[in-house]
Each structure stands twice: as C-alpha cells, then as structure tokens.
1. Cα atoms only: what Rg and Dmax, in Å, come out for the range 189-238?
2. For the range 1-131, with equal point scatterers placed on the C-alpha atoms only and solvent neglected, what are the log10 I(q)/I(0) values from the Debye formula at q = 0.16 1/Å, to two decimals?
3. Strictly greater than 12 Å: what percent of every Cα pair in the range 72-122 meets that?
4. Once all Cα-Cα distances of the range 287-344 are split into 5 Å bins that start at 0, what whole-number percent is in each one?
5. Share of Cα-Cα pairs in the range 245-296 beyond 15 Å, in percent?
6. Per the Debye formula with a single identical scatterer at each Cα and no solvent contribution, what log10 I(q)/I(0) holds for the range 130-186 at q = 0.13, 0.15, 0.28, 0.29 Å⁻¹?
7. Show that you can apply the helix-only estimate: for the chain, add -39,500 (n - 2.57) for every DSSP H stretch of four or more residues, divide by all residues, and state [θ] at 222 nm to the nearest 500.
8. For the range 57-167, how big is Rg over Rh, using alpha carbon atoms and the Kirkwood form of Rh?
Amino acid sequence: MGDPAGVGPELVVQACADARVHEVCRPLAVGSAAVFRRALAHLNLPARLAVVGDPADDSPAPPCIACLDVCGSSAMDAPCGIVDARAGHAAYEALVAAARLALAGQVAAVTTAPLNKAALWKAGHEYPGHTELLSELCGVTNFAMMLYLPPGDAIRGRAGLGVVHVTLHQALREVFAELTLERVLATSRLAHAAMWELKGAMPKIGVCALNPHGGEAGLFGTEELTVIAPAVDSGCAAGLDLHGPHPADTLLARARDGEFDGVVAMYHDQGHIALKLLDMQRAVNITLGLPIVRTSVAHGTAFDLAWQGRAQTSSMIEAIRVAARLARERALARRELQSAGASAQAALPIGQTKG
C-alpha cells in the first residue's frame, strides 16, 4: 500500500483494476481495506474490494480487487498529504506482511507503493527506506537498488537499461568514505546478474567514474585510480563484461543508445537523475540481492498530488509487469534446476541467479 497519506492507495487500486495487470498476474492488494475503499470511492472506480483471508484463496474476477487487510484502524486517521506516524506505521505493516508472504512462497512477487521515510521514522521504524528494511527482513547484506527502464522509445537496447547504485540513501559527504573496491565489485556483480536475467544473455556493464571527467588522471580526485578501476579489472578477470570508469555525463547517454545494458553508478543522484530524465513515468525500482522479487515505482509519495486523482499509474503498472516477468523467470530457472537433478532452493536472489 505504501504511505496512506500519499498516492500509494490510489495507485494500488487503479493498477489492480487495470486489464494490463490482469494479463500478467493475479494482483493482491496488501494494506488497509478501509483506506483502499476510500481510494476507490474517491476515484469513482467501477470496482469493489473483496477482503480475503489467505493469498491462496481464489481471486475474485475483475472488477473486484482482492485485498489482504493487515493494517490497524489508525491508518484511516492519518491526514492526507502530511507526514504522520500513523501513516508511517501502516506502510511498515503492509510492507512486512507482503515480504513475509513472499518469503513463505505464498505470493510470487511484491510491488511496493512509495512510503515516506520521515513518517516511517516518526513511527519508530528507523530505516532509510524500503531497500534497507527488506534486506533486514530477508537476512541479506549484499543488496543494491536498480532503477530499470524497459525497452521503448527512450531506451534503444533490447534488454532495457538498468542503473545500479553502489551507495544509496546517505549524505553526499559520506559517499567518499563508503566507496571501496569490494563494494564497487559486489555492486557490479549484482548489476551483471540482474541484467543477464532480464536480457537472457551476457550483459555489457558500464561503470561510472565518481569525479568530473573521470578524475582527469588524478587531478580532480583519485578514486578512479585507487578504487573504481581496480574493481573493474577484478570484475573482468572474474568473467564480467565491465567497462570504465567512464565520466557519468557521457556514459549514461551511451547506455541510452544501446551501447551498455547496465550502468553502475557511485551514488544516488548520479544514477537517478539521468534515468528519470529519460522516462520517469515508466521507470521501475528493483531491489537486487533479495531471495524474493521486489519491484516498486520510481517516485515518492507525492503529497502534493495525493488524494486528488492526479497521480499517474504508469510506473506502478510497469513495476507490476516487471515483477511478474521476473517471477516467471525465477520459476522457469527452478524448474530447469529440478529437471537437471539439482536440489531446488527456496528462492533465487535477483543478482545471484546466473553468470
């Protein structure tokens, strides 16, 4: 559901009522049934909510929307468009419930609406965002965020374009201390395997420099020489098709034109700004390294648009479609392992499946 004070509930009910979603999966709305009903009434959608007790229950046919009601009554008390602890806690409850369903194999994938980090913290859940909370729930330490654009007018590569971030939700001044050869290499491995899963073949990955002009041979900084280039060399020696470090301003343009399938960015805005300028409304957030499939929209709670019927659903619908595609790939990989006589594992983490 995401934060009920934001656009999440509107996006969820609109997506769950959309024929394009039902073509690829059986959607289950997880959150507050009362909030979802309010969203349906607010949007005047020709659909109704059907609360189910178990994800295995038969899904009602459209225009009914199956819902798992997991939030307390206080979710309805949170005012719209305002940071509120009650909304932050409701978003937390919905996310934890959905993640546990996925970990138990009761759902094939999770797509999340945006939460508000300040509201999350106000509720006592001190996580930088979805990615870090999910990594703790799943018990993993090697994870990363990838923004992904499927193939289309903005992206010429046949696999789409994924941008994976070495550092994420932290102050820019802290990035320099966090960049290590091992971390750049680990993120490059996640990018390689995730794009292999989406492309179905060896991907070509470009690695961003940190400093302007790639550091100009140390004149503008030495991270390229001491950290990033050695990580690229190590990855290539291990069989990855890595290239760089390249100046970010030109690398992203080259990737857009199909020269690279994926890009490793050194910090949040280095990757986010470029990809969102290409096509923010179709961009999808994918968490790499988890034992479950998790995708999300590539935007925030949009308090300025919330509960006005103005939020665009394209990123949510694309995120669900990508989640369904990844879930199918996982299921196929498991069947192939079983047919080959290998012991089937509980789940194959995105970023650790192939290559």
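The numbers here are math on the coordinates, done by the rules we state, and not lab data. A quick note: this is a predicted structure, and the numbers were derived from the prediction, not measured. Don't worry about glycine lacking a Cβ; one is built from the backbone with ideal geometry, like all the others, and counts go over all protein chains shown.
1. Both quantities, over Cα of the range 189-238: 13.1, 40 Å.
2. For the requested q values the scattering log ratios are -0.73.
3. In whole percent, the share of Cα-Cα pairs in the range 72-122 beyond 12 Å is 64.
4. Result returned by the calculation: 4, 16, 17, 17, 14, 10, 9, 5, 4, 3, 1.
5. In whole percent, the long-distance tail amounts to 52.
6. -0.47, -0.61, -1.10, -1.13
7. -12000 deg cm²/dmol
8. Result for the range 57-167 is an Rg/Rh of 1.02.
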